[in-house]
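This report refers to the structure that appears directly beneath it.
The values are calculated or read from the model by the stated rules, or taken from the named source; none is laboratory data. Note that the structure is a prediction, hence the values are computed from the model and not measured. Here Cβ is always computed from backbone atoms with ideal geometry, including for glycine, and neighbour counts include all displayed protein chains. These area figures cover heavy atoms from the full protein model, side chains too; ligands, DNA and RNA do not enter into them. Shrake-Rupley method; radii C 1.70, N 1.55, O 1.52, S 1.80 Å.
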Amino acid sequence: MKLKALIADDEPLARERLRHLLSVDADIEVATECRNGREVVAALRDQPIDVLFLDIQMPATGGFEVIEQIGPARMPVTIFVSAHNHYALKAFEVHALDYLTKPVEPERLKATLARVKERIAAKTALMTQEQMKAMLESLRNGLRAEKTFAKRLLVHNGAKDVLIAVADIEWIEAADYYSCLHVGTKSYLLREPIKQLAVTLDPGKFVRVHRSAIVNLDHVREILREGQSEGAIILENGQRLKMSRVGWQNLLAASRA
């Protein structure tokens, strides 16, 4: 994909010379030419430009006035072109990439174009990275918004089935290929491994504090730390459950979510 260039100079011969020099580079396409700052401002607002070769002294509106009107943040990569070098310091103060003196020499222009391509490639890579991050974040947010968690569990209990509200479950205990749901003074055996059951529960409320236990944070009264690798969870009913180091990390992650 070619980079679109804009040449701004009030001298026709200067524009012609620069256009001729740029024609050697297959990556550059001169999209338009302007004779004064007013035309430059209009052109920049009308079409996307990658690199601007901007004469400093032009009728009515000069190069620095163009930047003031467009705004430095919205300017393309800018190369100042002037017959005098005493504007160079000010040119770099407004973040120009380079400063060329007339008549522009081919080798000097070639070196400048190499820097232009590096700058645009770096900017494009950064934009792509930011777009990818934004897309991934959007996908994550969408998944969070779309994912629904179980509100009730159907448990076989002898000759009957019991429908249990997930919010009423105080903690869940691993029992081989089953999960034991503790609800108040009652316990119900669900034919589902605790690992498989965990993914159906809201991770913001149900936290696996040990390989054999998941707790409902709404029913937790205290959290006890006992050294670096162990601890305990005290439920509102006084039940004490072991908490592993991984369980503590899971608990911290849930509290930050």
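Filtering segment 234-257 to residues that are modelled with pLDDT of 85 or more and within 37 Å of the chain's Cα centre (by Cα) leaves M243, S244, R245, V246, G247, W248, Q249, N250. Taken over segment 37-51, residues that are touching a residue at least 12 places away in the same chain (Cβ under 8 Å), open to solvent by 50 Å² or more (accessible area, probe 1.4 Å) and not in a loop (DSSP other than H, G, I, E, B) amount to 2. Restricting attention to segment 52-61, the residues being surrounded by fewer than 20 Cβ atoms within 10 Å (Cβ to Cβ) and under 26 Å from R108 (Cα atoms) number 1.
One residue alone among L100, L89, L6, L54 is at pLDDT below 90 and assigned to a strand (DSSP E or B), and that residue is L100.
Determine whether segment 206-220 contains at least one residue that is open to solvent by 60 Å² or more (accessible area, probe 1.4 Å), in contact (Cβ under 8 Å) with a residue 40 or more places away in the chain and either assigned to a strand (DSSP E or B) or out of contact with any Phe, Trp or Tyr (no Cβ under 9 Å at 6 or more places or on another chain) (or both). Steps first, please.
Step one: filter segment 206-220 for residues open to solvent by 60 Å² or more (accessible area, probe 1.4 Å), giving 208, 211, 218.
From what's left, in contact (Cβ under 8 Å) with a residue 40 or more places away in the chain: 208, 218.
From what's left, either assigned to a strand (DSSP E or B) or out of contact with any Phe, Trp or Tyr (no Cβ under 9 Å at 6 or more places or on another chain) (or both): 208, 218.
Within segment 206-220, one or more residues are open to solvent by 60 Å² or more (accessible area, probe 1.4 Å), in contact (Cβ under 8 Å) with a residue 40 or more places away in the chain and either assigned to a strand (DSSP E or B) or out of contact with any Phe, Trp or Tyr (no Cβ under 9 Å at 6 or more places or on another chain) (or both).
Taking the stated definitions as given, is L113 modelled with pLDDT of 90 or more and within 30 Å of D98 (Cα to Cα)? It is true that L113 is modelled with pLDDT of 90 or more and within 30 Å of D98 (Cα to Cα).
The rows are residues; the columns are (1) in contact with a Leu (Cβ under 6 Å, 6 or more places away or on another chain); (2) crowded, with 19+ Cβ neighbours inside 10 Å; (3) hydroxyl-bearing (S, T, Y).
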| position | (1), (2), (3) |
| --- | --- |
| T200 | no, no, yes |
| R225 | no, no, no |
| G231 | yes, yes, no |
| L235 | no, no, no |
| R245 | no, no, no |
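Across segment 104-121, the qualifying residues are those that are aliphatic (A, V, I, L, M) and part of a helix (DSSP H, G or I), and the one among them that is farthest from N85 (Cα to Cα) is A121.
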